[in-house]
1. Would you be able to say whether some residue in the range 45-64 is charged (D, E, K, R) and at pLDDT 85 or above?
2. Determine if the range 100-110 includes at least one residue that is within 22 Å of Gly245 (Cβ to Cβ), among the aliphatic types (A, V, I, L, M) and either assigned to a helix (DSSP H, G or I) or modelled with pLDDT under 85 (or both).
3. Could you check how many residues of the range 115-124 are in contact (Cβ under 8 Å) with a residue 40 or more places away in the chain and surrounded by fewer than 23 Cβ atoms within 10 Å (Cβ to Cβ)?
4. On the given criteria, is Thr148 part of a helix (DSSP H, G or I) and either closer than 19 Å to Pro27 by Cα or without any contact (Cβ under 8 Å) to a residue 24 or more places away in the chain (or both)?
5. Looking at the range 333-348, is at least one residue open to solvent by 30 Å² or more (accessible area, probe 1.4 Å) and either part of a loop (DSSP other than H, G, I, E, B) or in contact with a Lys or Arg (Cβ under 8 Å, 6 or more places away or on another chain) (or both)?
6. Which count do you get for residues in the range 9-67 that are of a type in the set (Phe, Trp, Tyr) and over 23 Å from the mean Cα position of the chain (by Cα)?
7. Give the residues of the range 227-257 that are hydrophobic (A, V, I, L, M, F, W, C), open to solvent by 50 Å² or more (accessible area, probe 1.4 Å) and in contact (Cβ under 8 Å) with a residue 60 or more places away in the chain, sorted by residue number.
8. Given the conditions (1) modelled with pLDDT of 90 or more; (2) under 21 Å from the mean Cα position of the chain (by Cα), report the number of the one that Leu377 does not fulfil.
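The values are calculated or read from the model by the stated rules, or taken from the named source; none is laboratory data. Model, not experiment: these values are computed from the prediction. So basically every Cβ, Gly included, is an ideal-geometry build from the backbone, and we count neighbours across all protein chains shown. Surface accessibility is based on the protein's heavy atoms, side chains included, excluding ligands, DNA and RNA. Shrake-Rupley method; radii C 1.70, N 1.55, O 1.52, S 1.80 Å.
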Amino acid sequence: MPLALLALAVSAFGIGTTEFVMMGLLPNVADDLGTSVPTAGHLVSAYAIGVVVGAPLLTAVGSRIPRKRMLLLLMALFTVGNLASAFAPGFGWLLGGRFLAGLPHGAFFGVGAVVAARLVPEGRRARAVATMFLGLTVANIVGVPAATLLGQHLGWRATFLVVAAIGLCAVAALARLVPQVPVDAHQGLGRELRALGDRQVLLGLLTAVFGFAGVFAVYSYLSAMTTEVMGFGESAVTPVLALFGIGMTLGALAAGPLTDRAPRPTLYGSLGALAVVLAVFPFAVQVRWAAPVLVVLLGAVGFMTTTPLQMLVMNKAKDAPTLASASNHSAFNLANAGGAWLGGAAIAAGWGWTSPAPVGAALAVAGLAVAVTAGLLDRERTPGASRVVARADARPVRDDAPADAR
């Protein structure tokens with residue numbers, strides 16, 4: 001494994017920690033700044049909005065900047081955003097700091113995925129991208145619980161100072177380990193925008209919005225389900241969330257080699273498995289021994305969708321993949337917001353704490369339907385993969401055979 005992938009994974013670890021840690025710090029922030037927990041919840045939305053806005057905007061602005069320099073600039077902006085959060089004098093300033101920290105998220109993963117894929121031979125590119133995403137999954141096992149515990153004992157500002165320090169370490173690692181990856185001479189914003197408008201790219205983004213929304217419909221309320229449905233105490237919330245992170249890591253490890261071998265079947269299988277897990281979730285989660293197993297499975301099959309989606313979007317964007325790759329993370333954050341909203345609406349309607357699960361199953365099925373539609377349209381666009389054509393000598397030859405065999 002190239003050491004540059006380690007630098008990208010460290011950066012992803014910092015990004016993943018700051019993205020999810022706010023969910024555990026909302027009561028602390030609300031008490032300290034004299035606001036309510038629901039109002040403090042806007043800090044989660046501010047980060048997500050930053051991702052959605054920043055992914056296409058910063059990628060477009062940096063379309064001509066060499067990849068290594070772009071990664072350094074994005075991670076520096078991430079560090080500044082977390083420092084601004086740590087020293088925010090009031091709620092409005094903290095809201096701005098969270099938005100600023102979210103701006104480079106999607107652009108970093110978009111550029112980072114392109115760089116990771118170029119560091120390895122073609123047959124190992126999905127594994128390289130999955131290795132970078134491991135930093136994001138490990139953040140949910142180690143970074144988020146540790147940062148939450150730190151914030152509860154030393155104050156939430158200490159959490160963002162530590163995340164800013166991780167950002168500085170990531171900048172140093174990127175500067176030292178990532179090689180120069182120049183922008184192709186023919187690549188520019190116009191070419192990136194045209195690639196983003198490709199039908200297959202748009203269908204891939206739509207798959208991410210629907211499919212991953214199914215995960216967040218449940219994950220957003222997993223803490224409440226732990227105490228209200230599973231029958232565990234509040235002290236079990238952190239271990240249950242860590243189990244979800246373990247599942248994410250297992251899913252990322254499996255997705256890399258599977259995607260290198262067969263990207264679309266991997267995507268179909270993971271979305272189908274996600275729908276099944278979410279369908280049985282309301283029943284199995286009430287069994288104390290089965291509930292932790294379901295949480296791990298949910299994280300695993302949910303995160304298995306990310307690598308094939310990332311690679312399919314990049315491949316369909318051809319030689320201008322950066323904007324499409326970054327926009328994929330905007331799609332994932334739209335899924336985050338949409339899934340949480342739909343899951344919350346089901347609970348508010350009085351359908352029970354487990355009602356987000358069937359909502360999520362329906363979203364996963366919708367994502368699978370979009371993915372299958374994209375696959376069928378892709379086959380129509382490149383017909384004749386297995387068609388037999390006739391030759392003058394009446395010897396049948398497949399039209400996908402090498403030229404010298406025709």
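1. For the range 45-64, residues charged (D, E, K, R) and at pLDDT 85 or above: absent.
2. First, pick out the residues of the range 100-110 that are within 22 Å of Gly245 (Cβ to Cβ): 101-102, 105-106, 108-109.
If we keep only those that are among the aliphatic types (A, V, I, L, M) as well, we get 101.
Applying the additional criterion that residues be either assigned to a helix (DSSP H, G or I) or modelled with pLDDT under 85 (or both) yields 101.
Checking the range 100-110: at least one residue is within 22 Å of Gly245 (Cβ to Cβ), among the aliphatic types (A, V, I, L, M) and either assigned to a helix (DSSP H, G or I) or modelled with pLDDT under 85 (or both).
3. 6
4. Considered against the rule, which asks whether it is part of a helix (DSSP H, G or I) and either closer than 19 Å to Pro27 by Cα or without any contact (Cβ under 8 Å) to a residue 24 or more places away in the chain (or both), Thr148 comes out as yes.
5. no
6. Counting residues in the range 9-67 that are of a type in the set (Phe, Trp, Tyr) and over 23 Å from the mean Cα position of the chain (by Cα) gives 0.
7. Ile246, Leu253
8. For Leu377, the failing item is (2).
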